[in-house]
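First comes the structure, then the notes that go with it.
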Amino acid sequence: MLRHEKAALIIVVLASVNLLLGGSALALDAFSYELPSAILESVSATVNCTSSQLGVVSMVGSTDQSLVHFPPGLNVNRAELTNAVSMMVGFSRQASWLVFIFNNTDAATARSLADAVKPSVEAAFDASFTWSSMGPIEEGYVNVTYTGLGKGNLLTYASWLMDRCLAPDLGGFTSTFLPMIGEASAFIQVGASKESGGFNWVTLMAVGYYTNIPVGAGQHKIDFLDLLNVQSLEPSRYASLGGWYSSTVTLVVASNEPVEYVSSEPSLASPPSSLYGWHVNPIQPQPPVQLIAQFMFATDPTPVNRLSLTFSGLVIPEFATVAPILAIMLATSLAVVAFKRGGRQ
């Protein structure tokens with residue numbers, strides 16, 4: 001597998017697995033990494049067969065601040081953020097959140113630094129946040145979290161935020177953002193990650209939501225265009241590097257019973273002659289209770305009007321172990337860091 005393909009796969013798989021399992025890898029420090037294209041865009045869906053829960057996230061990220069950036073007026077290169085490795089701002093209809101993660105900083109200092117930055121974040125996002133919690137995540141890292149009220153008219157707010165944070169001609173997967181916002185559990189998040197001590201930010205915007213799939217044994221079809229509420233999906237022109245498109249769609253299915261691939265639209269890829277299409281379990285070995293599949297546009301940016309994968313397995317209606325919105329927040333946070341870590345594989 002090509003280096004850039006592998007980097008993109010690592011990003012979306014890690015994000016998807018974290019979404020599914022609610023992992024706590026938020027505090028991984030970032031490494032400087034130049035993305036394989038001007039932007040990296042992905043759609044990731046996870047199915048937890050032991051809870052019938054499905055989460056889907058559409059995301060675009062870039063190191064180019066002219067393409068993806070925080071709202072104007074927010075200075076992310078201020079001294080207080082020198083040791084920050086991540087900053088995230090998110091909104092749903094029910095709540096909002098602001099999360100800082102610092103490295104090589106004690107808790108009291110982290111709180112003081114975050115408090116100093118908070119007013120400018122509130123002004124840039126037209127929001128108000130109240131301190132919620134603070135503490136170590138893992139050795140050397142500490143998070144400071146603020147929460148606030150949600151945005152009742154999330155569609156209007158998301159449209160306003162996109163205008164302030166995305167280049168107007170970005171296109172591609174960002175065309176899914178507003179259609180997805182219509183879902184009751186939807187959220188929108190702007191986040192960024194960098195290495196401690198530097199200011200080489202990777203910034204992303206993500207929209208996601210969670211839902212449930214039908215329970216029972218047998219075949220289960222995951223229709224991505226239906227999940228995204230769009231008629232077709234195509235990559236952004238900024239996702240191309242020499243004709244290779246880094247845009248990917250990934251599905252992770254996890255269960256405590258065996259799961260198997262059944263069929264897909266488009267069909268499976270035929271490497272090495274053609275990498276366009278679905279790749280099933282591209283990272284080996286995979287346990288029989290987990291399925292990972294990734295669709296690649298490869299060198300063909302033609303819009304797809306059918307995009308689905310069918311698997312067989314048992315889906316049962318049990319309660320999830322992680323609050324869905326928290327899991328999605330963790331997933332997108334991890335993905336910011338993974339943008340940079342992926343290039344070192």
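Close contacts from segment 120-132, counting a first residue that is more than 15 Å from residue 149 (Cβ to Cβ) and a second that is exposed (fewer than 13 other Cβ atoms within 10 Å of the Cβ), with Cβ to Cβ under 6 Å and a gap of 6+ residues or different chains, come to 124/73. Residues that are more than 30 Å from residue 75 (Cβ to Cβ), touching a helix residue (DSSP H, G or I) at 6+ places or on another chain (Cβ under 7 Å) and assigned to a strand (DSSP E or B) within segment 194-240 comprise 209, 210, 233, listed in sequence order. For segment 154-173, the candidate set comprises residues that are outside any helix (DSSP H, G or I) and not hydrophobic (A, V, I, L, M, F, W, C); within that set, the residue that is surrounded by the fewest Cβ atoms within 10 Å (Cβ to Cβ) is 168. Exactly one residue out of 28, 67, 20, 2 is of a type outside the set (S, T, N, Q) and at pLDDT 95 or above: that is 67.
The set of residues from segment 128-153 being touching a Lys or Arg at 6+ places or on another chain (Cβ under 7 Å) and not β-branched (Val, Ile, Thr) comprises 129, 134, 146, 150, 151, 152.
Residues that are not in a strand (DSSP E or B) and not charged (D, E, K, R) were ranked within segment 93-112; the one that is nearest to the chain's Cα centre (by Cα) is 94.
Of all residues in segment 72-92, which are in contact with a strand residue (DSSP E or B) (Cβ under 8 Å, 6 or more places away or on another chain) and assigned to a loop (DSSP other than H, G, I, E, B)? Give the derivation first.
Here is the first cut: in segment 72-92, the residues in contact with a strand residue (DSSP E or B) (Cβ under 8 Å, 6 or more places away or on another chain) are 76, 81, 83-92.
If the condition is that a residue be in contact with a strand residue (DSSP E or B) (Cβ under 8 Å, 6 or more places away or on another chain) and assigned to a loop (DSSP other than H, G, I, E, B), then 76, 83 are the ones that fit.
The residue that is nearest to residue 122 (Cα to Cα), counting only those in segment 134-184 that are among the aliphatic types (A, V, I, L, M) and more than 21 Å from the chain's Cα centre (by Cα), is 149.
Identify, from the list 230, 249, the residue that is closer than 25 Å to residue 62 by Cα, without any contact (Cβ under 8 Å) to a residue 60 or more places away in the chain, aliphatic (A, V, I, L, M) and out of contact with any His (no Cβ under 9 Å at 6 or more places or on another chain). The unique qualifying residue is 230. Evaluating residue 189 against the criteria (1) surrounded by fewer than 23 Cβ atoms within 10 Å (Cβ to Cβ); (2) outside any loop (DSSP other than H, G, I, E, B) leaves one unmet condition, (1).
Of the residues that make up segment 126-140, is at least one among the hydroxyl-bearing types (Ser, Thr, Tyr) and surrounded by 17 or more Cβ atoms within 10 Å (Cβ to Cβ)? Walk me through how you get there before you give the answer.
So the first thing to find is which residues in segment 126-140 are among the hydroxyl-bearing types (Ser, Thr, Tyr), and the list is 128, 130, 132-133.
Pick out the ones that are also surrounded by 17 or more Cβ atoms within 10 Å (Cβ to Cβ) and you get none.
So far as segment 126-140 goes, no, none of its residues is among the hydroxyl-bearing types (Ser, Thr, Tyr) and surrounded by 17 or more Cβ atoms within 10 Å (Cβ to Cβ).
Sort through 184, 239 and tell me the only one that's in contact (Cβ under 8 Å) with a residue 40 or more places away in the chain and closer than 30 Å to residue 317 by Cα.
Being in contact (Cβ under 8 Å) with a residue 40 or more places away in the chain and closer than 30 Å to residue 317 by Cα holds for just one of 184, 239, which is 184.
If you check residue 127 against the conditions, is it touching a Gly at 6+ places or on another chain (Cβ under 7 Å) and at pLDDT below 95?
Values: touching a Gly at 6+ places or on another chain (Cβ under 7 Å): yes; at pLDDT below 95: no.
Against the criterion (touching a Gly at 6+ places or on another chain (Cβ under 7 Å) and at pLDDT below 95), residue 127 does not qualify.
Note on segment 143-153: residues that are assigned to a loop (DSSP other than H, G, I, E, B) and either in contact with a helix residue (DSSP H, G or I) (Cβ under 9 Å, 6 or more places away or on another chain) or touching a residue at least 60 places away in the same chain (Cβ under 8 Å) (or both) amount to 1. Taking segment 237-251, which residues are buried (at least 23 other Cβ atoms within 10 Å of the Cβ), in contact with a Pro (Cβ under 9 Å, 6 or more places away or on another chain) and farther than 24 Å from residue 261 by Cα? Listed by number, the residues that qualify are 239, 245.
The values are calculated or read from the model by the stated rules, or taken from the named source; none is laboratory data. Only a predicted model underlies this, so the values are computations on that prediction, with no experimental measurement involved. We place every Cβ from the backbone using ideal geometry, glycine too, and count neighbours over all the protein chains shown.
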